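A.B. asks: To start, I am sharing the structure in question, which I have written as structure tokens.
The values are calculated or read from the model by the stated rules, or taken from the named source; none is laboratory data. These numbers come from a predicted model, not from an experiment. Heads up, the Cβs are rebuilt from the backbone with ideal geometry, glycines too, and the neighbour counts pull from every protein chain shown. Protein only, heavy atoms only, side chains kept; ligands, DNA and RNA dropped before computing areas. Shrake-Rupley method; radii C 1.70, N 1.55, O 1.52, S 1.80 Å.
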Amino acid sequence: MVSTRTKKDVPIWQPLKVIARSFSPYWIACIPLAAIITIVWNKAVVAESIELITAEGNSEAIAQLQGTLNAIWVLIAAILVIFMNAGFGMLETGFCRQKNAVNILSKNLIVFALATLAYWAIGYSLMFGGPENPFIGFGGWFLSGEPATYGLDPFPAGLPISVAFLFQAAFAGTAATIVSGAVAERIKFTDFIIFSLLLVGISYPITGHWVWTGNGWLGSIGFSDFAGSTVVHSVGGWAALMGAAILGPRMGKYVEGRPQAIPGHNMSIATLGCLILWIGWFGFNPGSQLAADEAVPYIAVTTNLAAAAGGVAATFVAWFKDGKPDLSMIINGILAGLVGITAGCDGVSYFGAVIIGAVAGVIVVYSVSMIDSLLKIDDPVGAVSVHLVNGIWGTLAVGLFNTESGLFYGGGFAQLGSQIVGTVAIGAFTAIFSGIVWTVLKSTMGIRVSPEEELEGLDVGEHGMEAYAGFLKETDTFSGSGSSTADEDVTTGAGI
């Protein structure tokens, strides 16, 4: 039965009466008392906090807090850079053939372990030890020195030695990983390990000392490379170029002097690798601020803008040049933009970052073709074009687009001149060092696998296993002549 009583018949205060019955008069009296206590307590806490912050005796606590925040941020950035090893592994594996997947993954995994140990033993000391020496560091081997040994202020004014080392070790590992892709599918595993140890333990730290220590000779003349377009990427690119040139091209890459396409076997994981590297770069560039301050998000934005511009520019340039939007060029365009902005990410405008990234995207498309066709250097993943060529471009771009010292902002030619000197000096040293090491290895141990191993795949020949065991794989044989079967064309590129 429906009640005929309307809502208007119910007094408006009826719900309050119901609630009031649930509380005794004593409880009701406590409500205003609790409010008064809360207000008074809040004012007392605020006043005490202001007094605590402004008191001279607590400046130490504030410095301790800032130092801790700096250390935590740089630690997080180091982890992001270390995670880039996964990106390099996925990218290089996807760009190469399935029969070499285990080999490439193994190299990318072991290289960071090797880099960590070599850099811990001597690399970090050669790079940051003895900061008063303009040419080479010395002392504090195996992280045994005091903060001043490595040019660090004591904590909390400076980073703890452990955090500074981990961040720099991640960078050193990146330089060695760049080499892996350029020499993929035909190098002996042992020789790659030896070269990586020498690069990370000796060559990379010496040139890094010139730039990133207080009295390094390149830093003293005004050379600027904020996060390593040259110090990391060009160094890795020069080592890769020399290795690929001395090693020679893969079988089937050139037929009657013409380059043949050798498609990668898995563009899905190559794309995943690109995205991992893009994310990792937010540790690479913003982390190089070495502090948690307002510059970090600004650097993150310039980094992202350059990556986006590089990817878009490479897409349309490749589309115009080859008639199709090439996924591999989209990937390399994004990476080229990231490499290009690394040197100047802290000092360029947002618009400047877009220009630097876009130019890098254009450069990488034509650089890949020139290295492949004119120089006839077989670089399976485009590492030389991405890291060396655009590392040089990004370093020179500082002299053009830096808002304080760049040529386009009224700074004259001084900064650009310093950038040219630094680029040439580091490039010459790394190329000579790498050339000597690769040549010695080739003369003594032999750096290339046998033709039979190369045809069968390095997974079986070097590691005795397969990445895709139990799966149906493409036929991958090579007759050694220009005439090939259709199955051979799929994997060697001969006749395509």
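A.B. asks: Taking the condition over 30 Å from residue 245 (Cβ atoms) and either buried (at least 22 other Cβ atoms within 10 Å of the Cβ) or hydroxyl-bearing (Ser, Thr, Tyr) (or both), does residue 164 pass?
C.D. replies: yes
A.B. asks: For region 91-201, please list each of the helices (runs of 4 or more DSSP H) lying entirely inside it that holds at least 2 residues being closer than 30 Å to residue 263 by Cβ and touching a strand residue (DSSP E or B) at 6+ places or on another chain (Cβ under 7 Å).
C.D. replies: none
A.B. asks: Run down 417, 394, 464, 446 and say which single residue is open to solvent by 50 Å² or more (accessible area, probe 1.4 Å), among the small types (Gly, Ala, Ser) and either at pLDDT below 95 or out of contact with any Pro (no Cβ under 9 Å at 6 or more places or on another chain) (or both).
C.D. replies: None of the others qualify; the one that does is 464.
A.B. asks: For region 376-412, what are the residues that are over 17 Å from the mean Cα position of the chain (by Cα), of a type in the set (A, V, I, L, M, F, W, C) and under 27 Å from residue 328 (Cα atoms)?
C.D. replies: Passing the criteria: 377, 396, 397.
A.B. asks: Please state which one of 190, 149, 177 is among the hydroxyl-bearing types (Ser, Thr, Tyr) and touching a Gly at 6+ places or on another chain (Cβ under 6 Å).
C.D. replies: On the way: 190 fails: touching a Gly at 6+ places or on another chain (Cβ under 6 Å); 177 fails: touching a Gly at 6+ places or on another chain (Cβ under 6 Å).
Being among the hydroxyl-bearing types (Ser, Thr, Tyr) and touching a Gly at 6+ places or on another chain (Cβ under 6 Å) holds for just one of 190, 149, 177, which is 149.
A.B. asks: In the set 138, 83, 155, which member is open to solvent by 30 Å² or more (accessible area, probe 1.4 Å) and at pLDDT below 95?
C.D. replies: 138
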